[in-house]
Amino acid sequence: MPDTSPLFTPFRLGALTLRNRFVMPAMQRGMCDEGSPKPELAAYYARRAEGGVPLIIGESAAIDHPSATVQPNAAWLTAKTAGGWARCVEAVRAAGGAMLLQLWHEGAVRNDGHALSPSGRVHPGKANGRAMTRAEMAAIGEGFVRSARIAREIGAAGIEVHCAHGYLLDQFLWHGSNVREDGYGGPDIADRVRFPAEIVRAIRAECGPDFVISLRFSQWKEVDYGAKVAADTAELQRMTVTLREAGVDVLHCSTRRFWEAEWPGDNRNLAGWVRALGGLPTITVGSVGLDTDVMTTFSEGKDPGSRIPEAVADLGARIADGEFDLVAIGRALIGDPDFVTKLESGDYRAVRTFVRADLGKLEWDASIVEEAHQPVR
Ligand SMILES: Cc1cc2nc3c(=O)[nH]c(=O)nc-3n(C[C@H](O)[C@H](O)[C@H](O)COP(=O)(O)O)c2cc1C
């Protein structure tokens, strides 16, 4: 039986004391009505907190700016939807957990012809919409801050800035989608991180020192699994130190399989490198408890197999080594809300393995992703 004890030690994250190392990451579940979480979404989050997860991150919520998304069933975080989110925060608190709300803008992925983004492109081979003016950047930055203020007002422990997977702020980070020449883009990572860092700094100034700010980023994009925001460790260090200095508390390093080394010659994954170089706590994520990654679930509709003992042994050892601090579990927690409790008791055989059908009908717009993964590219 692998030693799981490192995974069940407390961790201090800003003003929060978490009783173990597990996090539920943001996952859109289609349980919103006109952007506002329905009561069943609050119950779904609370059930995972009851199942032993001390930190729940709400599904991506569009920020308070009209350009943020046109996805029909998306969540929003605005004055109008604050009550629905307050119910989620309170339900999670009553179940013994804390909640961060994820702030999101889809940028160039918006599919109605009116997308705003750093350079009017999703990736080097796909134009969409147009480049934002500096005035539009300022207005969108204010939208992030307004939504963060609402999160604080309704009692959320903090927010997570969605800077991953090819959405707006990731489009700023990645040279493949950001060729601006105004100090906010181009070949230098210091320029590409400037806008996300300014947003973090403004949220920190507005929401105070005890409000947790997580920032989620990924090297991979839905449109390019092999992309690298940071080409090497020097770039990764420049980017993460800038974000730390702007006021980020924790970096959520999104990978598709947590056990993969980020660069050859060293076993550390992305969260491991970021923790070492950026001097901040990190969250790892990617196929915990499962043998296939989330994009395989989305694009092939394939049911994953279970992969628990090896994952638990590996995660426990890496936490004990100080490689990273927290572990996010996505699909496995959709499949079984008691996943963490069952890991703690060692009753792996009792875990109900996630199946693709648990997601129901996906509202996610796959067209841009499918097009990007055509064999010609
Ligand atoms: C149905 C579904 C919706 C998701 N929605 C979001 C989202 O809103 N924001 C986000 O950052 N990631 C989202 N993700 C990615 C997850 O947060 C997570 O990174 C991914 O599922 C990998 O973890 P897993 O392998 O444990 O499932 C979503 C994943 C799923 C399965």
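The values are calculated or read from the model by the stated rules, or taken from the named source; none is laboratory data. On a predicted model such as this, the values are computed, not experimentally measured, just so you know. For neighbour counting, all protein chains shown are included, and Cβ atoms are generated from backbone atoms with ideal geometry for every residue, glycine included. Note: accessible area is taken over every heavy atom of the protein model, side chains too, but ligands, DNA and RNA are not part of it. Shrake-Rupley method; radii C 1.70, N 1.55, O 1.52, S 1.80 Å.
Structure notes:
- Selection within region 53-108 - charged (D, E, K, R), within 15 Å of the ligand (Cβ to nearest atom) and closer than 20 Å to ALA138 by Cα: GLU106
- Single unsatisfied condition, GLY84 versus (1) assigned to a loop (DSSP other than H, G, I, E, B); (2) touching a Lys or Arg at 6+ places or on another chain (Cβ under 9 Å); (3) buried (at least 18 other Cβ atoms within 10 Å of the Cβ): (1)
- Check on MET295, open to solvent by less than 50 Å² (accessible area, probe 1.4 Å), modelled with pLDDT under 95, not small (Gly, Ala, Ser) and not in a loop (DSSP other than H, G, I, E, B): yes
- Hey, SER36 touching a residue at least 24 places away in the same chain (Cβ under 8 Å) and more than 13 Å from the ligand (Cβ to nearest atom) or not: yes
- Across region 271-292, the number of residues qualifying as β-branched (Val, Ile, Thr) and over 18 Å from the mean Cα position of the chain (by Cα) comes to 1.
- Helices (runs of 4 or more DSSP H) contained in region 134-220 and holding at least 2 residues modelled with pLDDT of 95 or more and in contact with a strand residue (DSSP E or B) (Cβ under 8 Å, 6 or more places away or on another chain): 134-153, 168-173, 194-207
- Residues satisfying the stated conditions in region 131-141, i.e. touching a residue at least 12 places away in the same chain (Cβ under 8 Å) and farther than 12 Å from LEU103 by Cβ: ALA131, MET132, ARG134, GLU136, MET137, ALA139
- Considering only residues in region 137-185 that are of a type in the set (Asp, Glu) and open to solvent by less than 30 Å² (accessible area, probe 1.4 Å), the one that is nearest to the ligand (Cβ to nearest atom) turns out to be GLU160.
- The requirement of being more than 16 Å from the ligand (Cβ to nearest atom), of a type in the set (A, V, I, L, M) and closer than 22 Å to SER218 by Cα is fulfilled somewhere in region 319-330, by at least one residue.
- Given (1) modelled with pLDDT under 95; (2) open to solvent by less than 10 Å² (accessible area, probe 1.4 Å); (3) not in a helix (DSSP H, G or I), number of the condition VAL327 does not satisfy: (1)
- Yes/no for SER287 being within 13 Å of the ligand (Cβ to nearest atom), assigned to a helix (DSSP H, G or I) and of a type outside the set (D, E, K, R): no
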